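Inspection log for the structure reproduced underneath, given as structure tokens.
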Amino acid sequence: MPEFQHSPGMRDILPPESGRWRRFQAVFAEVAEAAGYGEVMPPLMEDIGVFQRVGEHTDVVTKEMYDFVDKGERHIALRPEQTASVCRAFAQHRPLTPWKVYYAGPNFRYEKPQRGRYRQFDQVGIEVLGADDPYLDVEVIAIAWEFYKRLGLQQVTLLLNSLGEPQDRADYTAALQDYFEQHLEALSPESRITLAKNPLRVLDSKRAVDAAVLAGAPHISKFYSADAAAHFEAVQQGLNDLGIPFTIDTSLVRGLDYYRRTTFEFQGGTLDSAQNALGGGGRYDGLVESLGGPPTHGIGFALGLDRTLLACDDEGVFAAPQAVVDVFVVDTTGGREALLITAELRSAGISADRAFENRSMKSQMKGADRSGAPIAIIVGSNEVEAGVVTLRPLRGEDLQRLVPRGELISEVTQSLEQAAKEATA
RNA sequence: GUGGUCGUAGCUCAGCUGGUAGAGCGUCAGUUUGUGGUACUGAAAGUCGCGGGUUCGAGCCCCGUCGGUCACCCCA
């Protein structure tokens, strides 16, 4: 065993999996940019106050933050999510609204790790600040939906709810509190604890004993103000117009305290309940204001990279890309020819790899095979004397041939084009 | 944070009631010293997570600890 391993909940992402991560983020960037979103890159750490504004009562803030005091006596925290940072950035820079941004990168939460749940975990997401239009809600959801489609995921369920206006939410919370207190005996001990902290979140319970009580609980929909009801109606209509299927789930309560009106979550159909929340988001108010900005409407979502990838594994889509190089150079004269030829190929925009340590030809050919390259360039003493190289197709039935050293690039280019054509045919 | 479970070569695992470690895959090297993907031969590679204890003797038993995993909690 090595003396050091990564800390719990941290991981090394190695190739080819790392290529999959990069592609994941690239696809997300494409989808977001196609809708006019620009990338925002907030810092990995901030004054802890930025995150505390998100919700004084949530576990994310109270128990799970990675924080420390820096050499300037500042109380700093590693970001547990990015929404707060984006709002802080908005309050600080005051860009034109609506401000449409996306982000990708790691977040940190001090939790007990388990499958699909790490202390350093990546999310991609978008936020829009400064607009309250229900069609914006639809656009935001549609972007996530399109992203899942691009990945190839089929079994994603969109759960939709509205928490109403802050007042509606408060009224509902009070009603819920009353109801649960009347049925305290039937609630699980865990839920009773949750009830004391935040009645809304009792609805999240997955415990079987709570099911009966939950089924009889009052519904948020009875508490909507006219505005909230109209907004929610418009969102549903818009989703229907785009052909995006959704399920209303009145028990859908997001973890952070600042949400209002539209909330949504994406669930993976193939995953266990512990990690089936692929992503979620909603509309929020007051966050920018609490960070020193003007009153600003906001909406956004965050999607977990790990869980989404787990869902991809289960559905057999979005596999890790195989690292492939165009050409593998086999040199049996000591390696200098390979040095020159790979450099020449790379300068010409042709990716090329080679073996080192002067291995046997057989070993080098093995390397060529493993590299995935469609062609090998072989150089031995015969070739060097004759001023040629051997161009050896590795994938098809074509025979190898000698080409003049000076025509290397044009011959390889031609050969690669032909290989590409055969591959698609 | 609480509870269950697991931890043996790079990977996946075997190792019966305790007697100082094995397989497959992979890696490397050979099988006519210029040619890969198949086959054959061989080799390297493990302080059996770590630390204590019981025992003549522990990978197998006990305790602790670290890590993974599952459930709860929470969430992505």
- Note on the structure: Note on region A:310-425: C-alpha Rg/Rh, Kirkwood Rh, two decimals, gives 1.04
- Item | Selection from A:Ala423, A:Ala91, A:Val330, by position along the positive dipole direction of chain A (Cβ) | A:Val330
- Expressed in angstrom, Rg and Dmax over the Cα atoms of chain A are 27.9, 95
- A:Lys421 to A:Lys112: FRET efficiency via 1/(1 + (r/R0)^6), r the Cβ-Cβ distance, R0 51 Å, to the nearest 0.05? 0.45
- Query: Which whole-number percent is the relative contact order of chain A (Cα, under 8 Å, 6+ apart)?
  - Reply: 15 percent
- Message: Given a Förster distance of 41 Å, report the FRET efficiency between A:Phe4 and A:Ala186 from their Cβ-Cβ distance, rounded to the nearest 0.05.
- Response: 0.25
- Query: Looking at chain A, do any whole DSSP H helices span at least 20 angstrom along their long axis by alpha carbon and average -1.0 or above on Kyte-Doolittle, and which?
  - Reply: A:17-33, A:134-151, A:226-241, A:408-424
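Let's see if you can work this out: charge +1 on each Lys and Arg Cβ, -1 on each Asp and Glu Cβ, no other charges. What is the dipole magnitude of chain A about its Cα centre, in debye to the nearest 20?
Working: 43 positive and 60 negative charges, 169 e Å.
Using only the charged Cβ atoms, the result is roughly 820 debye.
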- Item | Contact order relative to length of region A:327-424, as percent, for alpha carbon pairs under 8 angstrom and 6 or more apart | 25 percent
- Query: For region A:191-307, what relative contact order do you get, as a whole percent, if you take Cα pairs closer than 8 Å and at least 6 residues apart?
  - Reply: 17 percent
- Task: Compare the Cα positions of A:Phe232, A:Ser221, A:Leu203 along the charge dipole of region A:132-245 (+1 at Cβ of Lys, Arg; -1 at Cβ of Asp, Glu; about the Cα centre) and return the one farthest towards the positive end.
- Result: A:Leu203
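Hand me the trypsin sites (Lys or Arg not before Pro) from region A:59-99 located in a DSSP loop with no more than 13 other Cβ atoms within 10 Å, in residue order please. Please list the in-between numbers first.
Details: sites: A:Lys63, A:Lys71, A:Arg74, A:Arg88; in loops: A:Lys63, A:Lys71, A:Arg74.
Within region A:59-99, the qualifying trypsin sites (Lys or Arg not before Pro) (loop, at most 13 other Cβ atoms within 10 Å) are A:Lys63, A:Lys71, A:Arg74.
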- Please identify, among A:Leu163, A:Leu345, A:Leu200, the residue showing maximal mean-square fluctuation in a Gaussian network model of chain A using a 10 angstrom Cα cutoff. A:Leu345
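Report the full-extension gain for the segment A:Gln167 to A:Asp241: residue separation times 0.36 nm, less the Cα-Cα distance, to one decimal in nm.
Details: separation 74, 0.36 × 74 = 26.64 nm, distance 2.98 nm.
That works out to 23.7 nm of additional length.
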- Item | With every protein chain in place, chain A: carbon and sulfur % of accessible area (1.4 Å) | 51 percent
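Arrange the peptides A:149-157, A:207-215 so that the one whose residues have, on average, the most other Cβ atoms within 10 Å appears first. Mind dumping the intermediate values first?
Numbers: A:149-157: 15.8, A:207-215: 13.7.
Ranked by mean Cβ neighbours within 10 Å, highest first: A:149-157, A:207-215.
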- For every helix of n ≥ 4 consecutive DSSP H residues, a contribution of -39,500 (n - 2.57) applies; sum these over chain A, divide by its total residues, and give [θ] at 222 nm rounded to the nearest 500 deg cm²/dmol. -11500 deg cm²/dmol
- Message: Within chain A, which is the longest segment that contains none of the GluC sites (Glu not before Pro) sitting in a DSSP loop with at most 12 other Cβ atoms within 10 Å?
- Response: A:74-356
- Query: If you take the beta carbon distance between A:Lys206 and A:Arg94 as r and set R0 to 41 Å, what does 1/(1 + (r/R0)^6) give as a FRET efficiency, to the nearest 0.05?
  - Reply: 0.45
- Task: Just subtract the alpha-carbon distance of A:Lys71 and A:Leu402 from 0.36 nm times their residue separation and send over the number in nm, one decimal.
- Result: 112.6 nm
- Note on the structure: Expressed per residue, the solvent accessible area of chain A in Å² (1.4 Å probe) is about 49 Å²
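The values are calculated or read from the model by the stated rules, or taken from the named source; none is laboratory data. Source: prediction; values computed, not measured. Reconstructed Cβ throughout: ideal geometry from the backbone, glycine too, with neighbour counts over all protein chains shown. Just the protein is used for accessible areas: all its heavy atoms, side chains included, with ligands, DNA and RNA removed. Shrake-Rupley method; radii C 1.70, N 1.55, O 1.52, S 1.80 Å.
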